[in-house]
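Colleague: Just passing along the structure, written as structure tokens.
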Amino acid sequence: MLELAWRHNLVDLAMTCFTQVMREDLSKTVRSHGVLGLYRGLSSLLYGSIPKAAVRFGMFEFLSNHMRDAQGRLDSTRGLLCGLGAGVAEAVVVVCPMETVKVKFIHDQTSPNPKYKGFFHGVREIVREQGLKGTYQGLTATVLKQGSNQAIRFFVMTSLRNWYRGDNPNKPMNPLITGVFGAIAGAASVFGNTPLDVIKTRMQGLEAHKYRNTWDCGMQILRNEGLKAFYKGTVPRLGRVCADVAIVFIIYDEVVKLLNKVWQTD
């Protein structure tokens with residue numbers, strides 16, 4: 001009973017912190033940019049979300065199916081390795097080109113004289129001016145960022161799931177619990193790799209020409225702006241990522257449950 005009560009208290013605490021961060025993040029954005037400020041870069045984000053999630057979870061399932069033990073259990077270390085592989089795959093196939101376009105588009109829209117009329121117009125202009133290489137700026141930083149990102153998230157998520165289920169690997173998980181665990185995993189990834197995200201964003205922005213490579217970008221940030229610059233935007237990113245990861249894991253788990261019912265195997 002004490003263990004059960006402790007678990008419920010942990011979930012309540014996580015939800016309280018998550019709600020507080022979200023409230024502060026939303027209020028700050030609305031005050032600064034209005035309600036429409038919450039939807040900047042929405043089109044490019046939407047176009048990339050579906051294939052990104054497909055590659056990420058598809059690769060994770062492929063790898064995890066080969067790394068589970070005889071009881072079908074995936075330990076935390078193997079979860080980390082599977083998450084790393086999933087992150088690298090999504091970085092190369094989807095994230096790098098989509099993030100490059102998204103970052104350029106957002107920077108352009110906030111400039112005094114925007115030149116991109118929309119997402120597809122922006123893509124055409126980037127490819128016309130810079131070639132396909134223009135959509136793969138910051139590939140190394142993106143691979144490092146996404147690889148570590150998913151490694152952290154799946155490590156935390158696998159650890160929390162194994163802890164929650166205890167000796168019963170088939171114990172069902174309530175969507176609310178999955179969401180809380182996802183938010184915790186998202187928060188862990190934010191604190192774990194925000195410096196890489198800052199470097200990636202700089203390498204993909206309109207001023208990427210300032211940097212020779214990923215290492216040079218990181219050194220220039222450190223030399224010119226100090227260590228704190230690597231954690232710019234941590235709080236806003238925390239609110240967005242926690243909600244994002246929580247929702248994605250809930251949807252993924254529920255879809256898997258549905259598919260298992262539809263396509264039952266002996």
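The values are calculated or read from the model by the stated rules, or taken from the named source; none is laboratory data. Keep in mind it's a predicted model, so treat the numbers as computed, not measured. All Cβ positions, even for glycine, are placed from backbone atoms using ideal geometry, and neighbour counts span all protein chains on display. We work out accessible area using only protein heavy atoms, side chains counted, and drop any ligands, DNA or RNA first. Shrake-Rupley method; radii C 1.70, N 1.55, O 1.52, S 1.80 Å.
Colleague: Ignoring any ligand, DNA or RNA, what whole percent of the accessible area of the range 73-121 comes from carbon and sulfur when the probe is 1.4 angstrom?
Modeller: It is 63 percent, rounded to a whole number.
Colleague: A further question follows. Mind checking the per residue accessible area of the range 49-137 for me, 1.4 Å probe, whole number of Å²?
Modeller: 54 Å²
Colleague: To continue, here is another question. Which pairs in the list K200/K257; K145/K171; K117/K210; K232/K257; K145/K210; K115/K210 are over 31 Å apart, alpha-carbon to alpha-carbon?
Modeller: Exceeds cut-off: K200/K257; K145/K171; K232/K257.
Colleague: Now, a different point. For the modelled label position 7 Å from the Cα of E129 along Cα-to-Cβ, which residues of the range 192-227 have backbone nitrogen atoms closer than 14 Å?
Modeller: Within reach of a label on E129: 204-210.
Colleague: Now for a separate question. Probe radius 1.4 Å, ligands and nucleic acids ignored: give me the carbon and sulfur share of the accessible area of the range 153-266 as a rounded percent.
Modeller: Roughly 62 percent of what the probe reaches on the range 153-266 is carbon or sulfur.
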